[in-house]
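The values are calculated or read from the model by the stated rules, or taken from the named source; none is laboratory data. Since this is a predicted model, take the numbers as computed values, not measurements. As a convention, Cβ positions derive from the backbone with ideal geometry for all residues, glycine included, and neighbour counts pool all protein chains shown. For accessibility, only protein heavy atoms count, side chains too; no ligands or nucleic acids. Shrake-Rupley method; radii C 1.70, N 1.55, O 1.52, S 1.80 Å.
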Amino acid sequence: MVSLETRLKQRLLMGVLLVGIVLGVAVRVQVHRQQGEMLDYQLEQVARALILSDVQSSVLAWDDDPSLHLDVQIWDPQSNRLYRSSGQIDLGPNTRTGFSAEPSGPQADAVMLRVFTLSSPARTVQVMHSQALRDALSRDAELEVLLPTLLVMLVGAALVATTIRQGLAPIRELDEELSRRDTLSLTPVTLPHAPAELASVIRTLNRLLQQLDTSLQAHKRFIANAAHELRTPITALGLEVNNLAPGQDPAQMLATARRLKLGVQRTQHLLQQMLTLARLEGRTESEPQMPVDLLSLTQEAMMGLSAVGSHRGIEFSLESSGSTEVQGNPDDLRLLLDNLLVNALKFSPPHATVEVSLHQHGPQLTLLLRDQGPGIAPALRERIMKPFVRVNAAIEGAGLGLSIALEVALKHGATLTLEDPPNGPGLQVRVSFAAANPPL
């Protein structure tokens with residue numbers, strides 16, 4: 001796997017190289033053109049000076065300045081050569097007026113010349129450069145420009161590499177910090193000199209670490225509470241098994257067997273509730289939802305618990321208004337209703353009424369469930385939603401009913417709150433859903 005630092009260096013240095021190549025080509029073309037124009041201008045100016053002045057004095061002045069790198073031929077109107085600067089030049093008088101490229105003579109190894117020809121009634125002047133000389137001068141000029149440019153590019157590439165390395169140093173520090181940790185190190189990451197972009201990542205990472213730590217602590221508490229809750233019924237079952245000694249009175253053995261059966265049923269119920277809560281809390285993907293008639297589901301839940309209620313003379317009442325349809329999972333919603341109704345039956349006194357109502361208010365469908373029990377003090381209502389928390393330890397139960405109901409409500413985007421009823425004793429549970437068919 002290629003590191004981010006290597007990848008950035010490769011891409012930026014490739015960019016610098018590409019810019020250097022383009023710049024080099026552009027500089028070479030521009031310098032070559034300007035050098036050519038300057039040398040052509042020199043040829044033309046020398047020719048004009050020679051055409052207008054006395055030949056003898058002009059030639060003597062030109063011979064004293066070898067830096068011009070020029071060769072000259074002068075002809076009279078009858079094509080007689082008046083002057084030639086070099087014996088190696090064997091160029092005829094009939095070259096084209098203006099600029100032209102001509103060989104220096106008829107020989108096979110003749111060099112190419114850049115010639116400027118200018119004619120007047122008195123004479124014809126040919127001023128010329130060797131093409132090789134012009135190319136050499138252009139190369140020298142190009143090198144004078146390109147070498148500093150290349151040096152600047154090399155310095156720029158070194159600065160880019162250094163800047164990238166220094167800029168990515170906080171990421172290396174973060175990597176070293178995380179590599180030193182083990183699976184139990186969930187404390188926040190601190191990086192004092194982190195840039196703003198990395199600081200945002202660290203804040204997100206710390207938030208995730210905090211959530212993970214909270215989740216792990218909750219699971220540890222859940223396991224500890226589950227072990228504590230299971231210890232009591234399992235111990236009771238062991239004692240009852242010990243009571244089934246040989247030679248015991250049949251009536252006593254029958255009573256012990258009944259208690260054993262009841263204890264097994266309670267333990268099974270506790271385990272089922274624990275598994276249900278674990279399933280709801282561990283669900284990461286949303287379940288497929290469908291329209292659910294909460295009124296029909298509530299009626300079914302009441303019918304299922306009517307025998308338990310009638311045993312203590314407790315009745316259910318149900319009223320509704322508006323649409324009672326929500327989007328959700330019918331099995332989970334039935335679980336919510338069962339746990340709320342079981343809690344209401346458990347805490348209501350004999351011959352009481354558990355009141356349930358479903359009312360649509362605009363885009364919201366509200367489920368209200370009221371019992372006539374002792375209620376819950378406002379200071380305890382938030383804590384009672386946590387697993388294994390009970391208000392009255394004397395009443396049978398594991399303290400999981402409200403936790404399961406709350407988890408189902410949250411999975412459906414609903415809110416579950418505990419409140420005092422408008423009048424009289426008891427507790428009122430309010431669950432607010434988004435209605436499936438809000439009024440237009």
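Compare the peptides 188-197, 43-52, 26-35 by average per-residue count of other Cβ atoms within 10 angstrom and give them in order, highest first. Spell out each step's value before the answer.
Numbers: 188-197: 11.3, 43-52: 17.4, 26-35: 14.1.
In decreasing order of mean packing, 188-197, 43-52, 26-35 become 43-52, 26-35, 188-197.
Want the number for Val111 to Gln364: 0.36 nm per residue separation, take away the alpha-carbon distance, what's left? All intermediate terms of the calculation are to be shown ahead of the outcome.
Numbers: separation 253, 0.36 × 253 = 91.08 nm, distance 9.86 nm.
Gain in length upon complete extension: 81.2 nm.
From largest accessible area down, sort Glu382, Glu315, Glu419; use a 1.4 Å probe on the protein chains.
Highest to lowest solvent-accessible surface, that is Glu382, Glu315, Glu419.
Roughly how many percent of the accessible protein surface of the stretch 63-125 is carbon and sulfur, given a 1.4 Å probe and a whole-percent answer?
For the stretch 63-125, the apolar C and S fraction of the accessible surface comes to 48 percent.
Please give the Cα centre distance for the stretch 75-136 versus the stretch 303-318, rounded to the nearest Å.
Cα centroid of the stretch 75-136 versus Cα centroid of the stretch 303-318: 125 Å apart.
What accessible area, in Å² to the nearest ten, does a 1.4 Å probe give for Ser306?
50 Å²
Mind checking the full-extension length gain between Thr190 and Ser317? Use 0.36 nm per residue of separation minus the Cα-Cα distance, one decimal, nm.
39.9 nm
At a Förster radius of 22 Å, what calculated FRET efficiency corresponds to the Cβ-Cβ distance of Arg383 and Lys346, to the nearest 0.05?
0.75
Please check which bits of the stretch 194-214 a label hung off Leu4 would reach, taking the label as a point 7 Å along Cα-to-C-beta and the cut-off as backbone N under 20 Å.
Under 20 Å, as judged by backbone N against the label point of Leu4, lie 194-209 of the stretch 194-214.
Counting pairs of alpha carbon atoms under 8 Å apart in space and at least six apart in sequence, what relative contact order in percent does the stretch 100-182 give? Write down the numbers at each step before the final one.
On the way: 49 pairs, mean separation 12.2, N = 83.
In percent, rounded to a whole number, it is 15.
For Gln289 and Gln210, what does the FRET efficiency come to when R0 = 30 Å and r is the distance between their Cβ atoms, rounded to the nearest 0.05? Walk me through the intermediate numbers first.
Numbers: r = 31 Å, r/R0 = 1.02.
Once the sixth-power term is evaluated, E becomes 0.45.
Largest first, what is the accessible-area ranking of His129, His69, His412 with a 1.4 Å probe?
The ranking, largest first, comes out as His69, His412, His129.
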